[in-house]
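The values are calculated or read from the model by the stated rules, or taken from the named source; none is laboratory data. Please read these numbers as outputs of a predicted model, since none were measured by experiment. Cβ sites come from the backbone with ideal geometry, for glycine too, and all protein chains shown count toward neighbours. Protein only, heavy atoms only, side chains kept; ligands, DNA and RNA dropped before computing areas. Shrake-Rupley method; radii C 1.70, N 1.55, O 1.52, S 1.80 Å.
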Amino acid sequence: MSAPIARIERLGCRFGALAAVDGVDLDIAAGEFLALLGASGSGKSTLLRAIAGFEPPAEGRIEIDGRDMAGVPPHRRPVNMMFQSYALFPHLDVASNIGFGLRQEGVAAAEIARRVDEAMAMVAIGHLAGRKPDRLSGGERQRVALMRALIKRPMLLLLDEPLSALDRKLRAATRRELAAIQRQVGIAFVMVTHDAEEAIGLADRLAVMDRGKLLQIGPPRQVYDRPANRRVAQVTGEVNIVEGSDATWLDLGAGAWAIRPERIMLGERAAGLPRGGMAEVVELRSTGALWQVTLASERGARLSAALLSSQIPPTPGTRLAFGFAADAAVPVPP
Amino acid sequence: MKRGFAPVHGVALALGLVFLYAPIVLLAVYSFNESRLATLWGGWSLRWYRGLPENRALIEAAWTSLRIGIAAATLATAVGTLTGIALDRLGRFAGRWALGGLVALPLVLPEAILGLALLLTFIALGIERGQGTVILAHAVLAVGYVALVVQARLALIDPRLEEAARDLGCPPLKTLAVGPVPLLWPAIMAGWLLALVLSLDDLVLASFASGPGSTTLPMRIFSQARLGVTPEINAIATLLIGVVAATVLLASVLIKGTAGRR
C-alpha cells in the first residue's frame with residue numbers, strides 16, 4: 001500500500017447516547033477502491049458523512065492529504081460525495097448540475113463548459129446536457145451524480161450506496177462501469193454498501209463494519225475466506241456457523257466455525273476430503289445459478305451447501321456423503 | 001368503495017354555498033343597480049362603476065391600501081421566509097419551539113387585541129401613526145402566514161440538496177440561495193400574495209394603527225357605510241372582492257402546483 005491520502009484515527013461519532021461510529025482506525029491509500037460493508041445502522045454511512053464533514057466527530061481525528069480536518073466545513077474539504085438519492089438539483093439541467101462544483105470555485109465559463117463536455121462524454125450522456133433531472137432514467141441520473149461529484153477531481157470520492165437505487169440488471173452493468181471509471185480517473189473511492197456481492201466485486205479493499213466498529217479490513221477475498229469473527233462471516237455472504245456438538249459431528253474442535261456453503265462438496269466430489277460425513281438431503285432449492293441444498297445430520301444439525309446449476313442436484317430424502325477441505329472451516333469467535 | 005352523489009348531498013352543498021355566498025352575490029348584483037336606493041331594484045346599470053373615478057376619497061383610499069399592502073407583504077415575506085427556513089432547516093436550536101408558537105400567535109390572536117397591543121406599542125415608543133405603522137401592523141399579522149407556507153414547502157425539499165451544494169464547495173449562506181430558494185419561489189410568491197390579501201382586506205388593525213393620510217379602502221368603506229349604504233360602496237366592494245379572489249386563486253395555484261411536483 002502506498003502512502004495513505006487519508007488517515008482516520010480512533011474516530012467516534014455519537015447520536016445522543018448511541019455511538020454510531022466507535023473507535024474506527026482506517027487508512028485510505030491513493031487511488032484505491034475501498035468498500036465499507038455493513039448492515040443498516042452499522043455506522044458506515046455516518047463514517048462517510050464524517051469524512052465529508054457533515055457529522056462532527058465526538059472524538060478522534062480525520063486527516064486528508066496530511067491536513068487535520070477538525071473544524072474544516074464540508075465546502076472546504078478536498079473530498080466530494082455522491083449521495084444515495086443522488087440529490088441532483090431539480091431546477092438545473094444535466095450540464096449545470098455537473099458544472100455546479102466548478103462554478104463554486106469560480107472557474108472560467110469556457111473551462112467549465114469544456115470539462116463538463118468531457119465528463120458527459122466519459123459516461124456517454126452528452127445528448128442529455130439540456131435535460132432536467134426529472135426527465136432522466138435512474139441510470140442516467142446515477143451517471144450525472146457520479147460526474148458531478150468527480151468533476152472537481154477530489155482527493156477522495158465518497159459514494160453512499162451508489163447502486164442501490166438501480167434495478168438489478170442495470171446494477172451489474174453500472175458496477176462494471178463504475179470500476180472502469182475509477183481505474184481511469186485514479187481517484188480513491190470510498191463506497192458504502194450493504195450488498196456483499198457488490199463490495200467484493202468492486203473493491204480493492206473491503207472493510208466490514210458492525211455497530212459502529214470496524215471489524216476487519218483487507219482484500220475482499222481474504223475477508224470473505226478468512227473472516228475474523230462470526231459477524232464478518234455473516235455480513236460478507238451466506239455462511240454456516242457450526243458450534244458445540246455440531247462441531248464435534250464434523251470433527252472440528254471446540255468453539256464456533258464458519259463454513260461457506262459452496263465449500264461443501266456432495267457425493268463423489270466429497271471423496272478424499274479430510275472433513276465430512278453422511279447426511280440426509282432435506283431441502284433443495286434453485287436460485288437460478290445455484291442449487292441450495294439443506295443437509296441434516298441424524299441428530300438434526302443443519303448445513304447448507306451450494307452447487308452450480310450445471311451439476312446434477314441430489315434428490316431430497318436421500319442420504320449422501322459430504323465433505324470439505326480443512327481450510328474451509330474457519331474458527332470464528334463470537 | 002363507490003361514492004354516489006345522493007340528493008341529500010346536493011341539498012347540503014346548495015345550503016352551504018347559499019349561506020357562504022348569497023350575501024356576496026347580493027352585494028355584487030346590487031352594485032349594478034340603477035336605483036339610488038341600495039335596497040330597491042331599479043334595473044341593470046354600470047353608473048356606479050362609472051361614477052367611481054370621481055369619488056376622490058375612495059380612489060385615494062384604494063391607492064393607499066395598495067401601497068400599504070405591497071409594502072407590508074414585502075416586509076412580511078422577507079421576515080417570514082427567513083423564519084420558515086429557520087424553523088425547518090436550522091435543526092433543534094434553543095427556542096425553536098417558542099419561535100414556532102410565537103410566529104403563529106398573530107394568526108389566532110383576536111385582531112382587536114393585536115391592534116390594541118400595537119397601538120400601545122406605537123404610543124409607548126413615540127412612533128407617529130401613519131402609513132408606516134399600518135404597514136408594520138399588517139406585516140406582523142402576515143409574517144406567520146408566510147412562514148407557514150414557506151416552512152410547509154421547505155419540508156418537501158430534500159435537505160440532501162443543500163448538503164450536495166455544500167459538498168461541491170458552496171458556502172453555507174450561499175447554499176440557501178442556490179439550493180432551496182429556487183425551488184421555494186412559488187411558495188414565497190404565494191406567501192407574498194396571501195400577505196397582500198390580508199393587508200388589503202384588514203379593517204381592525206388598520207383602524208388601530210392608522211393616522212393622518214393612511215385611510216385604507218376597508219376603512220373608507222366602513223365609514224361610508226355607517227352613513228348609509230350607497231350603490232357606490234357596493235361597486236368598490238365588488239371590485240375589492242374580485243381582486244382578493246383572483247389573488248387567493250393565484251396563490252393557491254402556486255402552492256398546489258409546486259406541491260404536486262416532486
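Which residues, if any, in segment B:160-176 have at least 40 Å² less accessible area in the whole protein complex than in the isolated chain, probe 1.4 Å?
Buried by 40 Å² or more upon assembly, which counts only protein chains, are B:R160, B:L161, B:E163, B:A164, B:R166, B:D167, B:L168, B:G169.
What accessible surface, in Å², does a 1.4 Å probe find on A:E105, ignoring ligands, DNA and RNA and rounding to the nearest 10?
Accessible surface of A:E105 is approximately 110 Å².
Which of the listed residues, B:A78, B:Y21, B:A235, is farthest toward the dipole's positive end in chain B, when Lys, Arg count +1 and Asp, Glu count -1 at the beta-carbon?
The residue sitting most towards the positive pole is B:Y21.
Picking from B:A62, B:V248, B:V143, whose Cα lies most toward the positive end of the charge dipole for segment B:52-261 (charges on Cβ: Lys, Arg +1; Asp, Glu -1)?
The residue sitting farthest along the positive end of the dipole is B:V143.
Note down the magnitude of the dipole of chain A about its Cα centre, charges +1 on Lys and Arg C-beta and -1 on Asp and Glu C-beta and zero elsewhere, to the nearest 20 debye. Numbers along the way, then the final one.
Working: 41 positive and 37 negative charges, 129 e Å.
Using only the charged Cβ atoms, the result is roughly 620 debye.
Identify the residues of segment B:220-246 with backbone N under 13 Å of a label point that sits 7 angstrom from the Cα of B:S45 along the Cα-to-Cβ direction, or state none.
Once the point is set 7 Å along Cα→Cβ of B:S45, B:231-232 turn out to lie under 13 Å by backbone N, inside segment B:220-246.
Let me see the P(r) profile for segment B:52-261: every Cα-Cα distance counted, bins of 10 Å, each bin given as a percent of all pairs.
Going from the shortest bin to the longest, the percentages are 9, 30, 31, 19, 9, 2, 0.
Mean residue ellipticity at 222 nm from the helices of chain A, using -39,500 (n - 2.57) per DSSP H segment of n ≥ 4 over the full residue count, to the nearest 500 deg cm²/dmol?
Numbers: 9 runs with 91 residues, N = 334.
For chain A, the value works out to -8000 deg cm²/dmol.
Segment A:83-131: which residues show an accessible-area loss of 20 Å² or more, assembly versus chain alone, 1.4 Å probe?
The answer is A:F83, A:S85, A:A87, A:F89, A:P90, A:H91, A:F100, A:Q104 - residues whose exposure falls by at least 20 Å² when every protein chain is included.
Separation between the A:A254 and B:A112 pseudo-spin-labels, each 7 Å from Cα along Cα→Cβ, expressed in nm?
8.8
Using 0.36 nm per residue, how much length does the chain from A:I241 to A:E105 gain when fully extended, once their Cα-Cα distance is taken away? If you can, show how the numbers build up before the last one.
Working: separation 136, 0.36 × 136 = 48.96 nm, distance 5.30 nm.
In short, 43.7 nm is gained.
Quick one: with all protein chains in place, what share of the accessible area of chain A is carbon or sulfur, to the nearest percent (1.4 Å probe)? Please report the intermediate quantities before stating the final value.
Working: 7430 of 14920 Å².
Ligands and nucleic acids excluded, carbon and sulfur reach 50 percent.
Leaving ligands and nucleic acids out of the surface, order B:H138, A:H91, A:H75 by accessible area at 1.4 Å, largest first. Present the calculation step by step, with values, prior to reporting the outcome.
Working: B:H138 5, A:H91 55, A:H75 35 Å².
Ranked list, largest accessible area first: A:H91, A:H75, B:H138.
Counting pairwise Cα distances across chain A, what percent come out greater than 33 angstrom?
Values: 21641 of 55611 pairs.
Summing the P(r) of chain A above 33 Å gives 39 percent of all pairs.
Using Cα centres only, tell me the gap between segment B:205-251 and segment A:14-43 in whole Å.
Answer, in whole Å: 64.
Given the Cα-Cα distance of A:K213 and A:A271 and 0.36 nm per residue of separation, how much length would full extension add, in nm? It would help to have the intermediate numbers written out before the result.
Details: separation 58, 0.36 × 58 = 20.88 nm, distance 4.13 nm.
Answer, rounded to one decimal: 16.7 nm.
Sticking with the crude label model, points 7 Å out along Cα→Cβ, report the distance from B:V29 to A:T315 in nm, one decimal please.
Modelled inter-label distance: 9.2 nm.
Evaluate E = 1/(1 + (r/R0)^6) for B:L203 and A:S40, where r is the Cβ-Cβ distance and R0 equals 51 Å; express this FRET efficiency to the nearest 0.05.
Details: r = 57 Å, r/R0 = 1.12.
The calculated FRET efficiency here is 0.35.
Could you work out how far the C-alpha centroid of segment B:87-109 sits from that of segment A:278-310, in angstrom?
61
So which trypsin sites (Lys or Arg not before Pro) in segment B:31-122 end up in coil per DSSP with only 11 or fewer other C-beta atoms within 10 Å?
Numbers: sites: B:R36, B:R47, B:R50, B:R56, B:R67, B:R89, B:R92, B:R96; in loops: B:R36, B:R92.
Listed in order of number, the matching sites are B:R92.
What is the percent carbon and sulfur in the accessible area of segment B:52-261, measuring with a 1.4 Å probe over the protein chains and ignoring ligands? Kindly include the intermediate steps, with their values, before the conclusion.
Values: 7160 of 9980 Å².
Percent of accessible area from carbon and sulfur atoms in segment B:52-261: 72.
Would you rank B:L109, B:L156 by solvent-accessible area, highest first, keeping every protein chain in place and using a 1.4 Å probe? Present the calculation step by step, with values, prior to reporting the outcome.
Working: B:L109 60, B:L156 110 Å².
Of B:L109, B:L156, the descending order of accessible area is B:L156, B:L109.
On a straight-distance basis, which lysines could pair with A:K213 in a cross-link, Cα separation under 26 angstrom, same-chain partners fewer than 8 positions away excluded?
Here the lysines satisfying the reach criterion relative to A:K213 are A:K44.
Might you work out the accessible area of A:E243 for me, using a 1.4 Å probe with all protein chains in place, and round it to the nearest 10 Å²?
The value for A:E243 is about 80 Å².
Mind checking which helices in chain A clear 15 Å along their axis (Cα) and have mean Kyte-Doolittle hydropathy of -1.0 or more, DSSP H runs only?
Details: long enough: A:94-105 (18 Å, 0.04); A:109-122 (20 Å, 0.14); A:138-150 (18 Å, -0.31); A:168-185 (26 Å, -0.78).
For chain A, where a helix must reach 15 Å along its axis and average at least -1.0, the hits are A:94-105, A:109-122, A:138-150, A:168-185.
Gaussian network model of chain B, Cα springs within a sub-10 Å range: biggest mean-square fluctuation belongs to which of B:P231, B:P110, B:P218?
Result for chain B, Cα springs under 10 Å: B:P110 fluctuates most.
Would you calculate a helix-derived [θ] at 222 nm for chain B, using -39,500 (n - 2.57) for each DSSP H run of n ≥ 4 and dividing by the full residue count, to the nearest 500? Provide the component values of the computation, followed by the final result.
Working: 12 runs with 196 residues, N = 262.
Value at 222 nm, helices only: -25000 deg cm²/dmol.
Identify all aspartates and glutamates with a Cα-Cα distance to A:K132 below 20 Å; exclude those on the same chain that are fewer than 8 residues away in sequence.
By straight Cα distance, A:K132 reaches A:D93, A:D117, A:E118, A:E140, B:D158, B:E162, B:E163.
So how strong a dipole does segment B:104-262 carry about its Cα centre when Lys and Arg Cβ are +1 and Asp and Glu Cβ are -1, to the nearest 20 debye? Could you put the intermediate results ahead of the total?
On the way: 10 positive and 9 negative charges, 53 e Å.
Approximately 260 debye in magnitude.
Rounded to the nearest 100 Å², what's the accessible area chains A and B bury against each other, both chains counted, probe 1.4 Å? Show your work: numbers first, answer last.
Values: alone 15790 and 15330 Å², together 29350 Å².
For chain A against chain B, roughly 1800 Å² becomes buried.
Mind ranking A:M82, B:M219 by accessible surface for me, highest first, 1.4 Å probe?
Working: A:M82 0, B:M219 35 Å².
Per-residue accessible area, sorted high to low, gives B:M219, A:M82.
Heavy-atom accessible area per residue, the protein assembly as shown, 1.4 Å probe: how many Å²? Mind dumping the intermediate values first?
On the way: 29350 Å² over 596 residues.
Heavy-atom SASA per residue in the protein assembly as shown reads 49 Å².
Efficiency by 1/(1 + (r/R0)^6): what FRET value for A:D195 and B:L105, r their Cβ-Cβ distance, R0 = 51 Å, to the nearest 0.05?
Values: r = 50 Å, r/R0 = 0.99.
The computed FRET efficiency comes out at 0.50.
Over all alpha-carbon pairs in the protein assembly as shown, figure out the percentage whose distance exceeds 42 Å.
Details: 86979 of 177310 pairs.
Result: 49 percent of Cα pairs exceed 42 Å.
Which FRET efficiency value, to the nearest 0.05, is calculated for A:A58 and A:D117 with the Förster distance at 51 angstrom and r the Cβ-Cβ distance? Walk me through the numbers before you get to the answer.
Working: r = 44 Å, r/R0 = 0.85.
Efficiency at R0 = 51 Å is approximately 0.70.
Taking the Cα centre of the protein assembly as shown as the origin, how large is its charge dipole in debye, to the nearest 20, when only Lys and Arg (+1) and Asp and Glu (-1) carry charge on their Cβ atoms? Mind showing how you got there, number by number?
Numbers: 61 positive and 50 negative charges, 176 e Å.
Roughly 840 debye, rounded to the nearest 20.
Excluding the sites themselves, what is the longest stretch of chain B that contains no chymotrypsin sites (Phe, Trp or Tyr not before Pro) in a DSSP loop with at most 10 other C-beta atoms within 10 Å?
Values: sites that count: B:F5, B:F93.
So the longest stretch without any such site is B:94-262.
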